[in-house]
Structures are given as C-alpha cells and as structure tokens.
Amino acid sequence: RVLAEAAGRWPLQGAVAIHRHGLIRPGEGIVLVLAASAHRSAAFEAASFLMDYLKTRAPFWKREHHTDGTLGGWVEAMEHDAAAAARW
C-alpha cells in the first residue's frame, strides 16, 4: 500500500522496501529502501517518504536484547522521526 502511495506521488519506475524482523545483532542491516525514477529528486523524495513511513507508521516494535541474555526495554519512537514524517 505505501509503495503504491509513493508511486502515486512521484513518477517512479519502481520501488522496494524491505525491513528485517526477528533478532538482529548490532551492525547488521535492518532496512533497505530503493526508488527508481528518471528524475533524481523524485527518487530521493520517494525513498525519504518510504523510510519516514517505516520509522513512524509501520507496525514494528523493537526491544533491546543485552549481551548477558536479559531483555531490555522497548525502543521508543524518536521525536525527530515524527518531525521528518510530518512533511509528507
């Protein structure tokens, strides 16, 4: 749905968004967002829109796992992420 929304806003030739889930170790890749367009600005804006969507509206919950095997707290959303998403 969000990829279709991006394609409706910008003249894209294609777009992909992948977000890993499960246990992810520090330094491992978590998210991949790609946008292709004949125009550089459209591709960059669409990719930013998709990333901001994932950071603020996608249903991902992140919980810290400590090196000693204990579970930490849930990671709260960042205020600057909400501010970035507000531009869309």
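Things to note:
- The packing ranking, built from the mean of other Cβ atoms within 10 Å per residue, places the peptides 44-50, 17-23, 71-77, 82-88 in the order 44-50, 82-88, 17-23, 71-77, highest first.
- The range 59-88 residues near the modelled Ile24 label - backbone nitrogen below 12 Å, point 7 Å along Cα→Cβ: 60-63
- 222 nm mean residue ellipticity, helices alone, for the chain (DSSP H n ≥ 4; -39,500 (n - 2.57); rounded to 500): -11000 deg cm²/dmol
- For the chain, the direction-averaged projected area of the alpha-carbon convex hull comes to 6.5 nm².
- Using a probe radius of 1.4 angstrom, the carbon and sulfur fraction of the accessible surface of the range 5-88 is 56%.
- In percent, rounded to a whole number, the relative contact order of the chain is 23, using alpha-carbon pairs under 8 Å and six or more apart.
- Solvent exposure of the chain, expressed per residue, is 75 Å² of accessible area, with all protein chains present and a 1.4 angstrom probe.
The values are calculated or read from the model by the stated rules, or taken from the named source; none is laboratory data. What you see is a predicted model; the values in this text were computed from it and never measured. Every residue, glycine as well, gets a Cβ built from its backbone with ideal geometry; the counts of neighbours run over all protein chains shown. Just so you know, the surface numbers come from the protein's heavy atoms only, side chains and all, with ligands and any DNA or RNA stripped out. Shrake-Rupley method; radii C 1.70, N 1.55, O 1.52, S 1.80 Å.
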